[in-house]
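Shown next, in structure tokens, is the structure this report addresses.
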Amino acid sequence: MKKAWTGALATVLAVFAAPARAHLASTGFGDFYDGIAHVLITPEDLLVVIAAALLAGQRGTAAARLAALALPLAWLVGGLVGTRWQLMATQPLLTTSTFALTGLMVALDRKLHVAAVVAVAVVAGLLHGLANGPTMTPAGIGMQGLIGAISAVCVLALLLSSQIAALTRDWHRIAVRVAGSWIAASGLLMFGWLYQSAA
């Protein structure tokens, strides 16, 4: 008898449940804020912004400024292309690769040229923008959501990269490298999960 009531209750709840919005959270504050929330609660997006900002900050103020500008602009271009053509709707391997490799570069603390850091930011922004575009179009938030996401990316990149560039003590720089290694490790875990899901 108890199983019958449980089954009936589950059926009623399923019938009257709100529609699912895969991959995009609704804040209730509007499309712009939904775009901001999307970046903050999507691990691969948040981690690539953090990793790119750490990498840029490691290479100094010039790299930090340029990368903090290049990342959101590339994200915007990728997002605009993605909303129109939806090229990367199901390519988690590429977005995982970007934050894992960027985190690895932070952990290794290689003396990259400023142009190389900007190139990393551009590639990461384009790939994640392309992946974001298809998720925003079906949810109906479109351009306002994309602008919200770009705003979150820009603010995070500026704040983090400028703080990292200002660090001077050795143990601070070691802590940044440790953070990069954790991001790279998160990428390895994600690769394992993707492999397990595909198997």
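The candidates 80, 130, arranged from most to least accessible area with a 1.4 Å probe in the full protein assembly, appear as 80, 130. For segment 90-171, dividing the convex hull volume of the Cα atoms by the residue count gives 105 Å³ per residue. For residue 143 and residue 114, the difference between the fully extended length at 0.36 nm per residue and the C-alpha to C-alpha distance is 7.3 nm.
The values are calculated or read from the model by the stated rules, or taken from the named source; none is laboratory data. Please read these numbers as outputs of a predicted model, since none were measured by experiment. In case anyone asks, the SASA skips ligands and DNA or RNA and just uses the protein heavy atoms, side chains included. Shrake-Rupley method; radii C 1.70, N 1.55, O 1.52, S 1.80 Å.
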